[in-house]
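*Asks:* Sending over a structure as structure tokens; questions will come in a sec.
The values are calculated or read from the model by the stated rules, or taken from the named source; none is laboratory data. None of these values were measured; they are calculated from a predicted model. Please note: Cβ atoms are built from the backbone with ideal geometry, for glycine as well, and neighbour counts cover all protein chains shown. Surface areas here come from the heavy atoms of the whole protein model, side chains and all, with no ligands, DNA or RNA. Shrake-Rupley method; radii C 1.70, N 1.55, O 1.52, S 1.80 Å.
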Amino acid sequence: MNLYAIRAIYLFEMHRTWRTIMQSIISPVISTSLYFVVFGSAIGGRIPEINGVSYGAFIVPGLVMLSLLTQSISNASFGIYFPKFTGTIYELLSAPVSYFEIVIAYVGAAASKSIILGVIILATAALFVPMRIEHPFVMVLFLVLTAVTFSLFGFIIGIWADGFEKLQLVPLMIVTPLTFLGGSFYSIDMLPPFWRTVTLFNPVVYLISGFRWSFYGLSDVHIGTSLAMTLVFLIVCILIVRWMFKTGYRLKS
Amino acid sequence: MHVAWRVFCLMGLLTCFVRRWFENQFGSPYKENHSSNDGSCLLFHSTGDVATENSVRIDPMSSAISVSNLHKTYDSGFEALKNINLDIHHGEIFALLGPNGAGKTTLISTICGIVNPTSGTILADGHDIQKEYRAARTKIGLVPQELTTDAFETVWNTVSFSRGLFGKPSKPSHVEKILKDLSLWDKKDNKIITLSGGMKRRVMIAKALSHEPEILFLDEPTAGVDVELRRDMWNVVRALRESGVTIILTTHYIEEAEQMADRIGVISKGEIILVEEKNELMRSLGKKQLRLHLQEEHSAVPDTLAKYGLELAASGSELIYSYDAHEDKTGIASLLKDLDKAGIGFNDIQTKQSSLEEIFVNLVRERK
Ligand SMILES: Nc1ncnc2c1ncn2[C@@H]1O[C@H](COP(=O)(O)OP(=O)(O)OP(=O)(O)O)[C@@H](O)[C@H]1O
Ligand SMILES: [Mg+2]
């Protein structure tokens, strides 16, 4: 295994984050804090508790997931798209690195960034609302699993995209709506039965539900189901990446 | 940042297992050669020569680069390379000439792994570039034609990055030497975006040299580079050659090829149409022609002049004498005396030498 290459790419990507710290760390933290102020304190005060959890605390896991998803996708997709766009990808393609190493380095860096961000947002949330974490181990597991899975998903988008619009398209048109409708701000039990069924087709529901369970022991679907669905999505992403590299899809002519 | 890397390394141990699983489950991309590129961690082969013990050399006397029956058809259906067969010898400078769109970049990109070959095999120092891509690519450095760099990185970082990417442990003294050789040392902390075009080109050369390659590809290294810099660059190239590096370059400046190359190859429309020792070519260049415009038309060369191997041209009004300008006795003086004796008068005289450029232009034109 070419560990030096993994290290070089990983540190390069982390360095890029540091350079763009406003965009990659500070702005998500600020926007999430605004959610806490508006929903947690201002509006949340007038919303009754959900199963014994104050509304402000109830939305914390969903908001962390929201940032985790969008940041993982944008970090990873940008990380691989940009070299393609500028042409510096030639070096990666001509280097003695395996596809597996490329994926590990890029996805690892993107996931690390989102995890750091997730932890910062959690810490910020603790300043605004009273919080507890009942199952810290599961919480960390979900944090890491989600960051890795969606970084991989972002990596796929980055390879697939052949323009900046496409790069923005999927996060904006698909991921953000799915996250908002995935129970960040409500329990899906609050929905009419028909919509509850529709919602179960939204993969993000399982992530948020599982993540919230690790905090308060509350979940819309069983924790095992959440975990299984996340793993299924992870495996699907791995298979797609494998196929892309095997065929040189949009990387080599 | 480095803390994150440490944590990541711990996770890396885990991923090693995942990788095993991954490859057992789905197969390695290059299964045929599993042994040579799997177990061997570059980390533990810091001398650089990876996997040579394990892999079988097809031909022990192999060339630095050996291309056989290479075809490349782009997705658009365009056939950019047609049955290329080419061997680059160890330690030589090989100049690849050809008009725009001939396929030079396509050929280089295919050898370096950026373009997938449609068919054919390529060996780099005896290693198949697809099956033993790790061993092959470790030996190769590439300076592409396009100027593409990470605009916001510093010169030092980007060159060190390349070294890591090619699996070498960091070695600041080597990076320092390269940057000094390429007169980039005082720019080492500058962001690349602040450099001029010629300096960016040098940064790309520095990147390609960062991992101490044995084979170096330079795709039009002197395009857009001023005279002084070009001289510096050739000095670096010569020094590399002295140290045993094999160099393949493309250029549109034919004098450059004439000065630098050991061998010259000409490619046109995706086909190699000439590969020749430069000295051999120069010898045929040494041939000059003397043309004499005769006062009267002649139907045949008189027997007394037979030893000169003269040719009649322009319906008998021109005599052509070919000679070697490098020889001490060109025979011109005695020819003129003998012409006088034979009573053949002439009113004009002309000598002509064909240049590499002319040979090149003619070769390429013939193909059109
Ligand atoms: N990605 C691609 N898809 C389709 N055709 C391509 C592609 N890249 C190059 N070609 C075509 O292949 C041919 C060879 O291109 P190549 O870049 O190898 O030429 P070259 O010899 O390097 O020319 P130049 O001297 O201009 O650099 C050209 O006709 C070009 O249009
Ligand atoms: Mg070219």
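*Asks:* I'd like to compare A:29-40, B:109-120, A:98-109: which one has the highest average count of other Cβ atoms within 10 Å, and what's the full order after that?
*Replies:* Working: A:29-40: 16.4, B:109-120: 20.5, A:98-109: 23.6.
Output ranking for A:29-40, B:109-120, A:98-109: A:98-109, B:109-120, A:29-40.
*Asks:* Using the heavy atoms of the protein chains alone and a 1.4 angstrom probe, what is the accessible area of the protein assembly as shown per residue in square angstrom?
*Replies:* Details: 28290 Å² over 621 residues.
Value for the protein assembly as shown: 46 Å² per residue.
*Asks:* Is the protein assembly as shown rounded, prolate or oblate when judged by the Cα gyration tensor, a ≥ b ≥ c being the square roots of its eigenvalues, rounded requiring a/c under 1.5 and prolate requiring a/b larger than b/c?
*Replies:* Prolate shape, in that a/c is at least 1.5 and a/b is the bigger ratio.
*Asks:* Let me know the charge dipole size of chain A about its Cα centre in debye, to the nearest 20, where only the beta-carbon of Lys, Arg (+1) and Asp, Glu (-1) is charged.
*Replies:* Dipole about the Cα centre, nearest 20: 400 debye.
*Asks:* Grab the Cα-Cα distance for residue B:275 and residue B:177, subtract it from 0.36 nm times how many residues apart they are, and report the gain in nm with one decimal.
*Replies:* Numbers: separation 98, 0.36 × 98 = 35.28 nm, distance 3.46 nm.
Residue separation times 0.36 nm, minus the Cα-Cα distance, leaves 31.8 nm.
*Asks:* What's the lysine pair count for chain A at a Cα cut-off below 20 Å, pairs eight or more apart or interchain?
*Replies:* 4
*Asks:* Placing unit charges on C-beta atoms (Lys and Arg positive, Asp and Glu negative, everything else neutral), compute the dipole magnitude of the protein assembly as shown about its Cα centre in debye, rounded to 20. Write out the running numbers ahead of the final one.
*Replies:* Working: 57 positive and 59 negative charges, 468 e Å.
With Lys and Arg at +1 and Asp and Glu at -1, about 2240 debye.
*Asks:* Could you check the simple spin-label distance between residue B:329 and residue A:187, using points 7 Å along Cα→Cβ, in nm with one decimal?
*Replies:* Here the modelled spin labels are 11.3 nm apart.
*Asks:* For peptide B:159-165, what's the mean number of Cβ atoms from other chains within 10 Å of each residue's Cβ? Each step should come with its number before you reach the end.
*Replies:* On the way: counts 0, 3, 7, 3, 3, 12, 16.
The shielding value for this peptide is 6.
*Asks:* Please give me the summed charge of the neighbours of residue B:316: other residues whose Cβ is under 13 Å from its Cβ, Lys and Arg +1, Asp and Glu -1.
*Replies:* Summing Lys/Arg as +1 and Asp/Glu as -1 gives -4.
*Asks:* For the range B:98-186, what % of the accessible area comes from carbon and sulfur atoms, probe 1.4 Å?
*Replies:* That fraction is 52 percent.
*Asks:* Using r as the Cβ-Cβ distance of residue B:242 and residue B:188, and R0 as 22 Å, what FRET efficiency do you calculate, to the nearest 0.05?
*Replies:* Once rounded, the FRET efficiency stands at 0.30.
*Asks:* In deg cm²/dmol and to the nearest 500, what is the mean residue ellipticity at 222 nm of chain A if only DSSP H runs of at least 4 residues count, each as -39500 (n - 2.57), divided by the residue total?
*Replies:* The helix-only estimate for chain A comes to -23000 deg cm²/dmol at 222 nm.
*Asks:* Report, in degrees rounded to the nearest 10, the 0 to 90 angle that the Cα long axis of helix A:203-216 makes with the longest principal axis of chain A.
*Replies:* Orientation of helix A:203-216: about 60 degrees from the principal axis.
*Asks:* How well do other chains shield peptide B:143-150, expressed as the mean number of their Cβ atoms within 10 Å of each residue Cβ?
*Replies:* Details: counts 0, 5, 0, 4, 1, 8, 4, 7.
That average works out to 4.
*Asks:* Follow-up question, since we're still on this one. Assuming R0 = 41 Å, can you tell me the calculated FRET efficiency for the pair residue A:46 and residue A:231, based on Cβ-Cβ distance, to the nearest 0.05?
*Replies:* Between residue A:46 and residue A:231 the formula returns 0.60.
*Asks:* Could you tell me the center-to-center distance, by alpha carbons, between the range B:298-368 and the range A:6-50 in angstrom?
*Replies:* 84
*Asks:* Lys/Arg Cβ at +1, Asp/Glu Cβ at -1, dipole of the protein assembly as shown taken about the Cα centre: which of B:98, B:294, B:363 is farthest positive-ward?
*Replies:* In the protein assembly as shown, that residue is B:98.
*Asks:* Could you work out, residue by residue across B:112-121, how many beta carbons of other chains sit within 10 Å of that residue's beta carbon, and then give the average as an integer?
*Replies:* Taking the mean over all residues of the peptide, I get 3.
*Asks:* Right, something else. Beta carbons within 10 angstrom, averaged per residue: use that to sort the peptides B:142-151, B:305-314, highest first.
*Replies:* The peptides rank, most packed first, as B:142-151, B:305-314.
*Asks:* Still on this structure: At a probe of 1.4 Å, how much accessible area disappears from chains A and B on forming the pair, both sides counted, to the nearest 100 Å²?
*Replies:* Using a 1.4 Å probe, the pair buries roughly 4500 Å².
*Asks:* Spelling out what I want: for every residue of the range B:162-173, take phi, set θ = phi - 60°, compute 6.51 cos²θ - 1.76 cosθ + 1.60 (Karplus), and round to whole Hz; glycine and proline get x.
*Replies:* Once rounded to whole Hz, the list reads 4, 4, x, 4, 8, x, 9, x, 5, 8, x, 5.
*Asks:* Here is a further query. For a Förster distance of 41 Å, can you work out the FRET efficiency between the beta-carbons of residue A:27 and residue B:147, rounded to the nearest 0.05?
*Replies:* Computed FRET efficiency for residue A:27 and residue B:147: 0.80.
*Asks:* Oh, and also: Would you mind checking the tilt of helix A:99-128 against the longest principal axis of the Cα atoms of chain A, expressed as 0 to 90 degrees and rounded to 10?
*Replies:* Roughly 30 degrees between the two axes.
*Asks:* Using the per-residue mean of other Cβ atoms lying within 10 Å as a proxy for protection, in what order, highest first, do the peptides B:245-253, B:189-197 fall?
*Replies:* Values: B:245-253: 21.8, B:189-197: 13.8.
Going from most to least packed, we get B:245-253, B:189-197.
*Asks:* Return the distance in nm (one decimal) between the two label points of a simple spin-label model at residue A:127 and residue B:297, each offset 7 Å from Cα along Cα→Cβ.
*Replies:* 10.3
*Asks:* While we're on this one: With labels modelled as points extended 7 Å from the Cα through the Cβ direction, what inter-label distance (nm, one decimal) is found for residue B:87 paired with residue B:119?
*Replies:* It works out to 2.3 nm between the two label points.
*Asks:* Ok, one more. From the protein chains alone at 1.4 Å, what is the descending order of accessible area for A:160, A:195, B:234, largest first?
*Replies:* Result, largest first: A:195, A:160, B:234.
*Asks:* Compute the acute angle (0 to 90°) between the alpha-carbon long axis of helix A:3-19 and the principal axis of greatest extent of the alpha-carbon atoms of chain A; round to the nearest 10°.
*Replies:* The helix A:3-19 is inclined about 60 degrees to chain A.
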